[in-house]
Amino acid sequence: MTIIRRFECALEDTKQAVVDEFEKNPNVPAKKLQRLSGYDFYNTSRYTLAELINDSDNIADNFVSYINRFSSNVLNIINSLDFIKEIEKMDKNNRLLGVVKAFSELDLNPKTVDNIKMGYIFEDIVRRFSENAEAGDHYTPREVIRLLVNILLAEGCDDLFQEENKVATVLDMACGTGGMLSTSYDYIKRLNPSARVELFGQEINPESYAICLADMLIKGQNADHIKLQDTMVKDCFIDQPMRFCIANPPFGQSWGGKDAAEGVEKAVNDEYKKGFSGRFGAGLPGTGDMQLLFMQHAINKLDDDCGRAAIICNGSPLFSGGTTSGESQIRRWMLDEDLIEAIIALPTDLFYNTNIGIYAFIFSKHKNEKRKGKIQLINATSEEFWSQLRKSLGKKRKEISKDQIKLITELYANFEENEFSKIFDNDEFKYREYAVYQPLQRNYAITEERIEKMLNGGALSSLYDQDKVDEILLLDPIPAKEQKVLDKYMDAKPVYDKIVDKLRNNISDTVYKSLNEFIPVLKSVLCDVEKKFIDKIADALSEMDKTAEIQRDKQGNIIYDNSTKDTEIVKFTKDVDEYMAEEVLPHVPDAAWFFEEKADAKKPVIKTGAEFPFTRYFYEYHAPEKAEDLLNEFMDIEQNINAKIAALLQED
């Protein structure tokens, strides 16, 4: 109803001229009716919402007739919402007349209710049903949109505001009701009324798409630029570079696995196989979250000469995933390509249906000279940057005022370090993963405890595995493949039993500090056992011993113990020898470290990653209260309670 009334109010001044022209010639070209209406849409019915209530007995039929006389682009929007069914439902429950009357009295004329105010109306509608929205869909408050648009326009846009008829393309690939597109349009037009602002959007939710498309039509935008299409499945504007991308993609929604929407996983994987000729060349994050895919999509769409983007996310894209993960490698690519201008932390409790903290990534394809090779972190979570709402709206308890938007924008634009702004080289956020080993030093002995440990550890499982045998024997019938495995185990069982018996018959308290001393002893015990099993058994009968002989290969090089492997994450900018001297060698003096990356191998081994541990850079240590102060506070409380109890007893 809100959409219909908005269209009706927009057409109010030209409605009669359109109706007269249509009645003179029902075959009049649509272009002529559009010129008469002043918009890319029109309505040829003599009915209005106000006139419908004059014939209450036929209001349902007349209302449907009225709707069907809208131009096809508006009719498509209304039909996508199944609104005719809603009319029938309201009529059946005797609610239609009251609803139509109420909306007929509502002034939604664009001359009196501008797009910003209309945005608030749409926003409230969305807020009311957003509590039941799909998990991860968080509708963006207007002040957050204004902040992002302010920041996008704060740099790299001189040509846009100084040149006449400059074209500015704006994309929101998760556009919802179009709030980000509308706000971008209004800001750019305010700064340069001659600018040609072309808006593009993709949305997967039919209701949100309908509201967005309605607003775009009223703005005179091309309806073909707003698509009902999942961005993960298809880019609807392949050959169209964008000056700006601004979006709030869904948080934590799956692009793969059982929770992904139909067709999404295949589409994403197909796109990834294209490499950098596709949208996701930098890598794929874990299937449970598509935020970094949206970021790659935004970067892919940006104009190479002047493109800028602002993308909202939760904390996951900053630090999720290990070194070799898709998330880490996507972040590393963003740093290597110098795409990130800033990351801004915003307060909690800003959104209507989630109270989590959010971040905004600011990307640029053509950084200002002072920003090249740098990233600015802005901490806008302190009380200076938000105000408390007098009344909560869902989970929204805070808002960002105009003055606070200005303050955050100035922090960004000034590009200076202070309490809330930190500036780092890109390499600050990259790291290398080093493998740390200790020399192979083990003692060897044949004891009952070590034999049991060997058997439980599966050192001889390739020869005989009792658990696997029991598992196969439970099958009825036993398949041919499993029968073959069972026969192999049963043929080898006498050898297995013989090895175990011989070891148990040669149990000794003797401990050997050298492998070279122990192997001849073991061979004499197991004289007819293959060498490959001798080595496995020797290793299984060993224990780490720092007093034992350090083992070396034939060239005299130290052999390192794989069981002692540990990993150390070393910042890209930190000298590894200094790091190990400070952090590892004081605890493990004989440790050795290796950088095992093989990026150019047929199967690459990657040991360089990236993350943005945002809170670490703004952490402030606050000393705990002294024990004496806490004790005095507790004593005061106790005395106060005792005094009140005494007073109560005296009253009795």
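Identify all residues within the stretch 125-154 that are modelled with pLDDT under 85 and among the acidic types (Asp, Glu); write none if there are none. Across the stretch 125-154, the qualifying residues are 131, 134, 137. Taking the numbered list (1) farther than 30 Å from residue 515 by Cα; (2) aliphatic (A, V, I, L, M); (3) in a loop (DSSP other than H, G, I, E, B); (4) touching a strand residue (DSSP E or B) at 6+ places or on another chain (Cβ under 7 Å) in turn, residue 588 passes all entries but (1). Identify all residues within the stretch 10-33 that are assigned to a loop (DSSP other than H, G, I, E, B) and open to solvent by less than 50 Å² (accessible area, probe 1.4 Å); write none if there are none. The answer is 14, 28.
The stretch 380-438 holds strands (runs of 3 or more DSSP E) entirely within its bounds, and those carrying 1 or more residues that are within 28 Å of residue 333 (Cβ to Cβ) and touching an Asp or Glu at 6+ places or on another chain (Cβ under 9 Å) map to 421-425.
Looking across the stretch 492-538 at every residue that is within 17 Å of residue 453 (Cβ to Cβ) and small (Gly, Ala, Ser), the one that is least open to solvent (accessible area, probe 1.4 Å) is identified as 538. Residue-level check: of (1) at pLDDT 95 or above; (2) over 18 Å from the mean Cα position of the chain (by Cα), residue 333 misses just (2).
Candidates are the residues of the stretch 90-111 that are within 15 Å of residue 4 (Cβ to Cβ) and acidic (Asp, Glu); the one that is least open to solvent (accessible area, probe 1.4 Å) is 107.
Scanning the stretch 611-634 for residues that are of a type outside the set (D, E, K, R), assigned to a loop (DSSP other than H, G, I, E, B) and either more than 30 Å from residue 375 (Cα to Cα) or free of Cβ contacts under 8 Å to residues at least 60 places away in the same chain (or both) yields 619, 621, 622, 623, 624. Checking each residue in the stretch 549-595 for being open to solvent by less than 60 Å² (accessible area, probe 1.4 Å) and either among the polar types (S, T, N, Q) or on the phi > 0 side of the Ramachandran plot (or both) picks out 551, 556, 564. Go through the stretch 224-266 and give me each residue that's of a type in the set (A, V, I, L, M, F, W, C), open to solvent by less than 20 Å² (accessible area, probe 1.4 Å) and at pLDDT 95 or above. 232, 237, 242, 244, 245, 246, 247, 255, 264 - these are the residues of the stretch 224-266 that are of a type in the set (A, V, I, L, M, F, W, C), open to solvent by less than 20 Å² (accessible area, probe 1.4 Å) and at pLDDT 95 or above.
Residues of the stretch 439-452 that are open to solvent by less than 20 Å² (accessible area, probe 1.4 Å) and not in a helix (DSSP H, G or I): 439, 441, 443, 444, 445, 446.
The residue pairs whose first member lies in the stretch 328-341 and is at positive phi, whose second member is part of a helix (DSSP H, G or I) and charged (D, E, K, R), and whose beta carbons are closer than 9 Å, counting only pairs six or more residues apart or on different chains, are 338/371. Look at (1) free of Cβ contacts under 8 Å to residues at least 60 places away in the same chain; (2) farther than 24 Å from residue 200 by Cβ; (3) surrounded by 21 or more Cβ atoms within 10 Å (Cβ to Cβ); (4) touching a strand residue (DSSP E or B) at 6+ places or on another chain (Cβ under 9 Å) and you find that residue 352 fails only one, number (1). Considering only the stretch 255-276, I want to know if a residue exists there that is touching a Leu at 6+ places or on another chain (Cβ under 9 Å) and under 20 Å from residue 308 (Cβ atoms). Within the stretch 255-276, none of the residues are touching a Leu at 6+ places or on another chain (Cβ under 9 Å) and under 20 Å from residue 308 (Cβ atoms). Give just the number: which of (1) of a type outside the set (Phe, Trp, Tyr); (2) touching a helix residue (DSSP H, G or I) at 6+ places or on another chain (Cβ under 7 Å); (3) over 30 Å from residue 93 (Cβ atoms) does residue 19 not satisfy? The single condition residue 19 does not satisfy is (2).
The condition (being in contact (Cβ under 8 Å) with a residue 12 or more places away in the chain, open to solvent by 10 Å² or more (accessible area, probe 1.4 Å) and touching a Cys at 6+ places or on another chain (Cβ under 8 Å)) is satisfied by just one residue among 201, 220, 156, 178: 156. Cβ separations smaller than 8 Å between residues 6+ apart or across chains give the following pairs from the stretch 286-309 residues that are polar (S, T, N, Q) to residues that are in a helix (DSSP H, G or I): 287/265; 291/316; 291/317; 296/330.
Scanning the stretch 355-369 for residues that are surrounded by 18 or more Cβ atoms within 10 Å (Cβ to Cβ) and not small (Gly, Ala, Ser) returns 358, 359, 361, 362, 363, 365, 367. The residues of the stretch 184-198 that are out of contact with any Phe, Trp or Tyr (no Cβ under 7 Å at 6 or more places or on another chain) and either of a type in the set (Phe, Trp, Tyr) or buried (at least 24 other Cβ atoms within 10 Å of the Cβ) (or both), listed by number, are 185, 187, 188.
Only one residue in 77, 59, 53 is touching a residue at least 12 places away in the same chain (Cβ under 8 Å) and under 42 Å from the mean Cα position of the chain (by Cα). Which one? Step by step, each of 77, 59, 53 is checked, and only 77 is touching a residue at least 12 places away in the same chain (Cβ under 8 Å) and under 42 Å from the mean Cα position of the chain (by Cα). Within the stretch 504-537, how many residues are closer than 17 Å to residue 549 by Cα and either touching a Lys or Arg at 6+ places or on another chain (Cβ under 8 Å) or of a type in the set (Lys, Arg) (or both)? Here the count works out to 2.
Residues in the stretch 553-560 include at least one that is modelled with pLDDT of 95 or more and in contact with a Phe, Trp or Tyr (Cβ under 8 Å, 6 or more places away or on another chain).
The values are calculated or read from the model by the stated rules, or taken from the named source; none is laboratory data. Predicted, not measured: the structure shown is a model, and the values here were computed from it. Glycine also receives a Cβ, built like all others from the backbone with ideal geometry; neighbour counts cover every protein chain displayed. The protein model used for the area step is the full one, side chains on, heavy atoms only, and it has no ligands, DNA or RNA in it. Shrake-Rupley method; radii C 1.70, N 1.55, O 1.52, S 1.80 Å.
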